[in-house]
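The values are calculated or read from the model by the stated rules, or taken from the named source; none is laboratory data. A quick note: this is a predicted structure, and the numbers were derived from the prediction, not measured. In this analysis, Cβ positions are derived from the backbone assuming ideal geometry, glycine residues included, and neighbour counts consider all displayed protein chains.
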Amino acid sequence: MRIPLPLLGTFALSTALLVAPAQSQSQPQNPDARAQVALEQMTQDEKLSLVQGFLAARMSPEELPDNIAKGAGYVQGVERLGIPPLAQSDASLGVANMGGFMRPNDEATAMPSLLAMASTWNPDIVEEAGRVMGAEARAKGFNAMLAGGINLVREPRGGRNFEYFSEDPLLSGVMGGRQVRGIQSQEVLSTVKHFLLNAQETGRTFADVQMSEADMRESDLLAFQIAIEIGKPGSVMCSYNRVNGIYTCENEFLLNEVLRDDWGYDGFVMSDWGSVHSVSIRQGLDQESGRAADRSDGYFSGPLRGALAEGTVTWDDVDRSVFRIVRTIYSLGLAESPLAAGQPIDFAPHLQLAQRVAEQGIILLRNEGNVLPIAASASRILVIGGHADMGVPQGGGSSQVWPVGGASLSLEIPGDKIYHRRLYMPSAPVDALREQFPMAEVLFDDGTDITRAAAAAREADVVIVFAEEFSAENHDQLDLRLPGNQDALIDAVATVNPQTVVVLETGNPVVMPWLSKVPAVLQAWYSGNRGGNAIARVLSGAVNPSGRLPITFPAAEDQMPNPVLPGSDIIKPIVGTDLYDIPASDQKLTITYPEGSDVGYRWYSTQGKQPLYSFGHGLSYTTFASGGLEVAGTTASFEVANTGDQTGAAVAQLYLVGRNGESLRRLVGFQRMDLAPGESRTGHMSIDPRLLAEWVDDRWLMAGGIYHFALGESADRLGDVVEVRFPDSQWSD
Ligand code: GLC
């Protein structure tokens, strides 16, 4: 329970009491009943003011109402009835401030990317990060975070994969749900987004994704369903694209049949900024966001009034949406927590958490000859590239956070003045390494001259090459190669010094043509406000790496379901915009996903392809053994032991590997376990039957028969198989 800040001001701190604002006796407590009372008192104009929002990001300060912080957008409230406005901020990595332009010098804790968060396989720390983000949003005058990016990573070249958790519905659903729960614990509404199948940026505003219902149900829809069950997000954000020919923000199947009728979702649907194409309130869209992004005054104003006048929309339709919005506001406590920007934030604990997330999310992909951790006796350490003398990179676009301490480097993107800038978090790996190795000489070369870097590498005990790739909204990668000449740089350096370590700082998987020459590789993702510290502590052994891949690293583009990024051969985005260099009449793109519901590791398994690194993969500085798997019905138990000489975290992963003779691969449970040397522990999991089932004739069918399970250290390193017989088929909605 939070004390609304104005209340706090009226108490001497020593006597601050947890005093909830007095509810007038006539006002019912139950959000639904309260919403009904408010609805009955509203004028038509007040109702219409709740179903449409404004685009704050591009507004001048004087256009914004006084009590609205400048973020992504805002929705007017109904002050007369005590219904607060919605002050909306992005997003999943912290309180966004794109390029630092929205609110100059307004700093927030920049969390590691969602791929890094998922790489922890630690739902508790992801919820804790959500609480921090929610608290900072509140303190900055926001009561709505556009977070919970849980689109499955179907497209390894996708520009926004750093804003999504994983390729697996269970991992994404759990992590997304827990992030939402953390944010909403601070009386801040959270979304889950982008509903549905917005897996790439190229052509996102007009692409039509074709997919069968069964494939959707068993993959992307299941991720949203799990996240909504766990997090109870106040709002679901529909996406830019079409699904099976119909824009998602006017897609009755998705918004009414699935979300409402099947799942009983009782929050409200908001659009993405610029994703509305009609007065689609009857089709399930409750609130148009950032109306100017759609058209001058949006659809849910003049055109909606016109539809009401014509009778194609009724006031019952409007009332239904207003009820959903207002009941959500009440249910999350927003009406009792007045917006109050400029509240003090104690960033220190938030930054420590950001560092812990990064430390747990760093993945040791390779460590031949135990090159890592770097020996304390190393006397000459050469660091090359990645702007590692300045900081660690971050992704671009609406989710971009202006970090605590300010960006240490801000690079323009040619042709893109505002929307995308390459920001670096003020946590330089070089400085952090000097702290970790006070006796060593830690040198830096920027890597722009390969000959010079290779010559310097000859003289070093250890060489650490930071390889980076900038991902951003509106842009997809065209291939899986590291940009620029980084591959050549790594190859040249590793050729002259076998003690070469590569630290990847990417938003996507990358291919590694130099891998046979490089004994150790870390994946650090975008590691956030204290990422340099986290990376250095893993390299020195102060932290034992425990991250596991939440997405597959293909060995080459031709291993992927879509070897060529759909549309990339015809569409070239105009940098930093949602526009394209092709006329509107040619803006057509159909995307099919051959993998269907077998996203990521499931595809590689069923196709018999061996990726470079598998989903769930990650090494440690210690060793683990697991076994004793027992599965009875839908509960499993197993043993995990730390067989090495230092404390570490194991991540037990339980996979369904066979069903009635069919070979398949599905993560059905996971558990992170911190174990001291020699310690062993029994793990327990309960399996969601939907992960064992197929979607058949509008329901889940879990067929009777023989099921095979195995415990794994990754999707393709599995232990003994256990057989379970389920007597008869079970159907469930
Ligand atoms: C963007 C994004 C969405 C974001 C919204 C507001 O275009 O697609 O994720 O929340 O607009 O900035």
* Are any of the residues in the stretch 592-599 away from the ligand (no atom under 16 Å from the Cβ), part of a strand (DSSP E or B), at pLDDT 95 or above and over 21 Å from the mean Cα position of the chain (by Cα)? -> yes
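Only one of these is under 30 Å from ILE535 (Cβ atoms), in contact (Cβ under 8 Å) with a residue 60 or more places away in the chain and assigned to a strand (DSSP E or B): ALA649, ALA636. Name it. Give the steps one after another, and end with the answer.
Numbers: ALA636 fails: under 30 Å from ILE535 (Cβ atoms).
After ruling out the rest, the residue left standing is ALA649.
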* **Restricting the stretch 399-447 to residues that are at pLDDT below 95 and within 16 Å of the ligand (Cβ to nearest atom), the residue that is surrounded by the most Cβ atoms within 10 Å (Cβ to Cβ)** => HIS420
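Residues checked against (1) surrounded by 24 or more Cβ atoms within 10 Å (Cβ to Cβ); (2) over 21 Å from TYR424 (Cα atoms):
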residue: LEU64; (1), (2): no, yes
residue: VAL78; (1), (2): no, yes
residue: GLY82; (1), (2): no, yes
residue: GLU107; (1), (2): no, no
residue: ALA110; (1), (2): yes, no
residue: ALA118; (1), (2): yes, yes
residue: ILE125; (1), (2): no, yes
residue: ASN143; (1), (2): yes, yes
residue: ILE150; (1), (2): yes, yes
* Structure fact -> Within the stretch 181-217, residues assigned to a strand (DSSP E or B), within 13 Å of the ligand (Cβ to nearest atom) and of a type in the set (S, T, N, Q) come out as SER190, THR191
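Considering each of ALA56, ALA87 in turn, give the residue that is within 16 Å of the ligand (Cβ to nearest atom), under 20 Å from MET270 (Cβ atoms) and at pLDDT 95 or above.
Numbers: ALA56 fails: at pLDDT 95 or above.
When all the criteria are applied, what remains is ALA87.
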* Structure fact -> Output for Cβ contacts, cut-off 8 Å, separation at least six or different chains, first residue on the phi > 0 side of the Ramachandran plot and modelled with pLDDT of 95 or more in the stretch 185-198, second among the hydrophobic types (A, V, I, L, M, F, W, C) and away from the ligand (no atom under 14 Å from the Cβ), reads GLU187/LEU332; GLU187/LEU334; LEU197/VAL209; LEU197/MET211; LEU197/MET216; LEU197/VAL243
* Asked: Quick check: anything in the stretch 50-58 part of a loop (DSSP other than H, G, I, E, B), farther than 26 Å from ALA129 by Cα and among the β-branched types (Val, Ile, Thr)?
  -> yes
* Per-region count, the stretch 59-84, residues among the aliphatic types (A, V, I, L, M) and either more than 16 Å from the ligand (Cβ to nearest atom) or more than 20 Å from GLY333 (Cα to Cα) (or both) -> 6
* Of everything in the stretch 569-587 that's modelled with pLDDT under 80 and among the hydroxyl-bearing types (Ser, Thr, Tyr), which residue is nearest to the chain's Cα centre (by Cα)? -> THR577
* Asked: In the stretch 142-180, which residues are part of a helix (DSSP H, G or I) and away from the ligand (no atom under 16 Å from the Cβ)?
  -> PRO169, LEU170, LEU171, GLY173, VAL174, MET175, GLY177, ARG178
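Of all residues in the stretch 90-105, which are within 16 Å of the ligand (Cβ to nearest atom) and either in a loop (DSSP other than H, G, I, E, B) or surrounded by fewer than 19 Cβ atoms within 10 Å (Cβ to Cβ) (or both)?
Answer for the stretch 90-105, where residues must be within 16 Å of the ligand (Cβ to nearest atom) and either in a loop (DSSP other than H, G, I, E, B) or surrounded by fewer than 19 Cβ atoms within 10 Å (Cβ to Cβ) (or both): ASP90, ALA91, SER92, LEU93, GLY94, VAL95, ALA96, ASN97, PHE101, MET102, ARG103.
Kindly state which strands (runs of 3 or more DSSP E) lie completely within the stretch 428-537 and contain at least 3 residues that are in contact (Cβ under 8 Å) with a residue 60 or more places away in the chain and charged (D, E, K, R). So that I can check it myself, show each step before the final result.
Working: elements: 441-445, 462-468, 500-505, 520-523.
Per the criteria, no element qualifies.
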* To do: Within the stretch 678-704, work out how many residues are aliphatic (A, V, I, L, M), touching a residue at least 40 places away in the same chain (Cβ under 8 Å) and in a strand (DSSP E or B).
  => 2
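Which one of ALA348, ALA375, ALA335, ALA388 is buried (at least 20 other Cβ atoms within 10 Å of the Cβ), more than 16 Å from the ligand (Cβ to nearest atom), within 30 Å of ALA536 (Cα to Cα) and at pLDDT 95 or above?
Numbers: ALA348 fails: buried (at least 20 other Cβ atoms within 10 Å of the Cβ); ALA375 fails: buried (at least 20 other Cβ atoms within 10 Å of the Cβ); ALA335 fails: within 30 Å of ALA536 (Cα to Cα).
Matching residue, one of ALA348, ALA375, ALA335, ALA388: ALA388.
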* To do: Enumerate the pairs (first residue in the stretch 711-733 and farther than 21 Å from GLY616 by Cβ; second residue anywhere and among the charged types (D, E, K, R) and in a strand (DSSP E or B)) with beta-carbon separation below 9 Å, excluding pairs fewer than 6 apart on the same chain, so at least 6 apart or on different chains.
  => TRP731/ARG699; SER732/ARG699; ASP733/ARG699
* Asked: Tally time: how many residues in the stretch 635-657 are closer than 25 Å to ILE226 by Cβ and buried (at least 18 other Cβ atoms within 10 Å of the Cβ)?
  -> 12
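Just give me the residues in the stretch 256-289 being at pLDDT 95 or above, of a type in the set (Gly, Ala, Ser), surrounded by fewer than 22 Cβ atoms within 10 Å (Cβ to Cβ) and within 16 Å of the ligand (Cβ to nearest atom), in sequence order. Explain how you work it out, then say what you get.
Looking only at the stretch 256-289, we keep the residues that are at pLDDT 95 or above, and these are 256-273, 275-289.
If we keep only those that are of a type in the set (Gly, Ala, Ser) too, we end up with 264, 267, 271, 275, 278, 280, 284, 289.
Then drop every residue that is not surrounded by fewer than 22 Cβ atoms within 10 Å (Cβ to Cβ), which leaves 264, 278.
Matches in the stretch 256-289: none.
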* To do: Could you tell me whether any residue of the stretch 32-47 is surrounded by 17 or more Cβ atoms within 10 Å (Cβ to Cβ), within 16 Å of the ligand (Cβ to nearest atom) and modelled with pLDDT of 95 or more?
  => no
* Structure fact -> Considering residues that are in a loop (DSSP other than H, G, I, E, B) and buried (at least 24 other Cβ atoms within 10 Å of the Cβ), the number found within the stretch 222-236 is 2
* Could you give me the residue pairs with C-beta distances under 8 Å whose first residue belongs to the stretch 52-74 and is at negative phi and among the β-branched types (Val, Ile, Thr), whose second residue is more than 10 Å from the ligand (Cβ to nearest atom) and outside any loop (DSSP other than H, G, I, E, B) wherever it lies, and which are 6+ apart or on separate chains? => ILE68/TYR74; ILE68/ALA87
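I need a count of the residues in the stretch 306-328 that are under 22 Å from ALA38 (Cβ atoms) and either in contact with a Pro (Cβ under 7 Å, 6 or more places away or on another chain) or in a loop (DSSP other than H, G, I, E, B) (or both). Walk me through it before giving the result.
Initially, the stretch 306-328 is screened for residues under 22 Å from ALA38 (Cβ atoms), giving 308, 313-328.
After this cut, where a residue has to be either in contact with a Pro (Cβ under 7 Å, 6 or more places away or on another chain) or in a loop (DSSP other than H, G, I, E, B) (or both) as well, the list is 313-314, 327.
Selection size over the stretch 306-328: 3.
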* Structure fact -> Flagged in the stretch 705-733 as surrounded by fewer than 19 Cβ atoms within 10 Å (Cβ to Cβ) and outside any strand (DSSP E or B), in numbering order, are PRO727, ASP728, SER729, ASP733
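Any residue at all in the stretch 230-240 that's in contact (Cβ under 8 Å) with a residue 40 or more places away in the chain, touching a Ser or Thr at 6+ places or on another chain (Cβ under 6 Å) and among the aromatic types (Phe, Trp, Tyr)? Working first, answer last.
Just the residues of the stretch 230-240 that are in contact (Cβ under 8 Å) with a residue 40 or more places away in the chain, to begin with: 230-240.
Remaining after also requiring touching a Ser or Thr at 6+ places or on another chain (Cβ under 6 Å): 233-235, 237-240.
With among the aromatic types (Phe, Trp, Tyr) added as a condition, the list becomes 240.
Within the stretch 230-240 (the criterion being in contact (Cβ under 8 Å) with a residue 40 or more places away in the chain, touching a Ser or Thr at 6+ places or on another chain (Cβ under 6 Å) and among the aromatic types (Phe, Trp, Tyr)), the answer is yes, since at least one residue qualifies.
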* Run ASP294 past the list (1) over 23 Å from the mean Cα position of the chain (by Cα); (2) over 18 Å from ARG327 (Cβ atoms); (3) of a type in the set (D, E, K, R); (4) at pLDDT 95 or above and report the number of the one that doesn't hold. => (4)
